[in-house]
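The values are calculated or read from the model by the stated rules, or taken from the named source; none is laboratory data. Nothing here was measured: the structure is a model prediction, and the numbers come from that model. Cβ sites come from the backbone with ideal geometry, for glycine too, and all protein chains shown count toward neighbours.
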Amino acid sequence: MSTEGPGSPTAPGSPDRLYILTGGQARAERKTELDLVTLIVSRSEADPGLQPEHAAIVRMCAYPLSVAEISAYLELPVSTLTLLLTELVAGRHVEARPPVPAAALPDVQLLEAVMNGLQKL
Amino acid sequence: MVGTGSSVQRRPVSALIWLISPLVLAVCTGTAILAAAPDARVPVAWCGSSATVAVALASSEAARRGRVIAALRRRCTEQEAGLRYQLDQHEAETRRLAKELLPRAIHLLQRGAPTEVVLRHTLPVHDLEPGYAAAHRSVLKSVIEAVQAEEGLRDAAQRAFVNIARRMQAIVHQQAYDIREMEHKHGNDPDVFGDLLHLDHGNALTGRLADSIAVLGGSRPGRQWKNEIPLYNVLRGAMSRILEYRRVDLHSVADVAVVGPAVEPVIHALAELLDNATRYSPPQTRVHLTAVDIQSGIAVEIEDAGVGLTDEARRRTDRVLSREGDLDLDDLGEAPRLGLAVVSRLARTYNLLVSLRPSAYGGVRAVLVIPMDLITASKHPGGDIARAAKLPPIKSKRRPGQKIPPPAPQTAPPMMEHPIPPPLGDSGLPQRRRRRGPAPLPFGRGAAERRERPAPPAAPAAPEEAPKQPGMWLAAFNRGINGESLEPDPGRANSDIPSDKEE
């Protein structure tokens, strides 16, 4: 994005580099629970004082989006995004909700049986 | 014996003077003849007349010689005047050669004029004798040739520099491109990702150096941008090219964009100024970067809390920044002045105004004014990333009429939608499974009327939905279990479940 091959002298994109977005960090200082399927939802409207990336995430996450989706939409690597999200979570702009663990889900066949039973009522 | 020359007043006098002695002698002879005894008169007359004749001859000879001498003197004076005139002309021509012709010739040569044109522009004005004029021409010609050879050498050296810089830029660009690919590829692995960021940064620094060499060689810096770039991204682009970008605080930035052709020069000039600011201030201090609207354009200010400029240093920087004409490579010295020379050259080429003044913090305040004609309205404040912020509507375009579903359908409902539910994947990505199920439906039956429904009406519903999010999945789950139609609930009219009902 920020660069192009030597073949094309002009290219769209942005002159930013990824390390600028996160101040050169590659991982958060404190351990975060964010992973690809963590759902992110904003707690407030985008604050005009926010960095554009932060504001973008806050605006996007008016509806919950997974980290993987945000990463795909913003075309940002997950590590960078995780740092941005960590900052946002720390600033209480967004809320992170871990997905329902697979083990906690009720058995599908049981649910189906219940559903069929209810429909037969 | 009357003079016929030009000097009328002197001639007759001198001629008359020569007449006096024969006349006096003749009178004396006559007197002597009369006074002598009659028998001695004949010899006296003989002697007297022969003496008179001799004196007359001598006098006439003297007068003739006098005339010759006068003529000679006259000719000598004329010759002397002629020579003096020539000497004056030569002197004037030589002076003109030194003061006018050579500077003009060198100026013309530096602007790339060929030898013939230069010689035609430096013709002598006085009509000189051919030999002297030829010598003059040959002096001029040999000087011109020497200067031309020197200029050629310099041009060749500059071209070589620019050529090397271009190759370096190409490699750096390719490398940056590769690194960016790798950053996306290894985005999940913080260790590799951190190393890649480190490499990316080093690569950006190398690129700036290559750009500097290209600029000093008289070329343009680096890549060219086709579209305008928001000033915010331009400033961050400049920050990304210096070693200590972490110390730069980016404050308020005017919401404008820089036109494509000026992006790279502005980034490069700002990067050099930022580099100076961070390099010459203590490592624990911050450097403040702001961009404000002014009458004539946008003023970008870089303020550091360093040692500031001494008077001598300020004079020197002013001299470097305001230097007209070509850069003297001898003048550059060590690295810091190299940066200023680059800034100065970029500023001259792109009409940027640069000034370094003492800062209120004691350091230096560098102001770079980007003129109005290089500024345009910003289409996407914040650049690509901010544009990406509008992506959720794009998503709803992909699935017309559907809002981004609340989390409940992402977990529980999928399990029930499938007659034979697929086993839960070990990757733990339930929402992907959900998509595989209901996603194609809106494009099939019953999708047409939903597609008619414009996306914007769905958008205002978003904020009022958001606060309920945390508990909603349970409600949806319950409703799903109850099998009730969800149509009455306007907020959820478009969710996945009704589309299942229609099936």
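Residue count for segment A:51-69 satisfying the condition of being buried (at least 24 other Cβ atoms within 10 Å of the Cβ) and assigned to a helix (DSSP H, G or I): 5. Looking across B:Ala70, B:Ala54, one residue alone is surrounded by 14 or more Cβ atoms within 10 Å (Cβ to Cβ) and at pLDDT 85 or above. It is B:Ala70. Got a number for residues in segment A:58-91 being within 8 Å of chain B (Cβ to nearest Cβ) and in contact with a strand residue (DSSP E or B) (Cβ under 9 Å, 6 or more places away or on another chain)? Final tally of qualifying residues: 8. Which one of B:Ala156, B:Ala176 is within 10 Å of chain A (Cβ to nearest Cβ) and at negative phi? The conditions single out B:Ala176.
When A:Glu112 is tested against (1) more than 8 Å from chain B (Cβ to nearest Cβ); (2) among the charged types (D, E, K, R); (3) touching a helix residue (DSSP H, G or I) at 6+ places or on another chain (Cβ under 9 Å), only condition (1) is not met. Scoring B:Asp211 on the criteria (1) within 28 Å of A:Ser79 (Cα to Cα); (2) surrounded by 20 or more Cβ atoms within 10 Å (Cβ to Cβ); (3) not assigned by TED's automatic domain parsing to the domain that holds B:Ser344 leaves a single failure, condition (1). Please identify the pairs in which a residue from segment A:55-72 that is touching a residue at least 12 places away in the same chain (Cβ under 8 Å) has its Cβ atom under 7 Å from the Cβ atom of a residue that is aromatic (Phe, Trp, Tyr), counting only partners at least 6 apart or on another chain. Short answer, once both residue conditions are applied: A:Met60/A:Tyr73. Filtered by the rule that a residue be among the hydrophobic types (A, V, I, L, M, F, W, C) and outside any helix (DSSP H, G or I), segment B:152-207 gives no residues.
Contact map, segment B:305-318: residues that are of a type in the set (Ser, Thr, Tyr) paired with residues that are surrounded by 15 or more Cβ atoms within 10 Å (Cβ to Cβ) and modelled with pLDDT of 80 or more, Cβ distance under 8 Å, separation 6+ or inter-chain. Pairs shown: B:Thr317/B:Leu340; B:Thr317/B:Leu356.
Restricting to segment B:127-168, and then to whatever is surrounded by 15 or more Cβ atoms within 10 Å (Cβ to Cβ) and polar (S, T, N, Q), can you tell me which residue is farthest from B:Glu91 (Cα to Cα)? This residue is B:Gln158. Would you call B:Val266 surrounded by 19 or more Cβ atoms within 10 Å (Cβ to Cβ) and more than 22 Å from B:Ala204 (Cβ to Cβ)? So B:Val266 fails the test.
Residue by residue, here is whether (1) facing chain A (nearest Cβ under 7 Å); (2) touching a residue at least 40 places away in the same chain (Cβ under 8 Å); (3) hydroxyl-bearing (Ser, Thr, Tyr); (4) crowded, with 23+ Cβ neighbours inside 10 Å holds:
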{"site": "B:His184", "(1), (2), (3), (4)": "yes, no, no, no"}
{"site": "B:Asn188", "(1), (2), (3), (4)": "yes, no, no, no"}
{"site": "B:Leu196", "(1), (2), (3), (4)": "no, no, no, yes"}
{"site": "B:Arg246", "(1), (2), (3), (4)": "yes, no, no, no"}
{"site": "B:Glu272", "(1), (2), (3), (4)": "no, yes, no, yes"}
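Residues considered: B:Ser219, B:Ser281, B:Ser240. Of these, the only one that is surrounded by 19 or more Cβ atoms within 10 Å (Cβ to Cβ), of a type in the set (Ser, Thr, Tyr) and more than 10 Å from chain A (Cβ to nearest Cβ) is B:Ser281.
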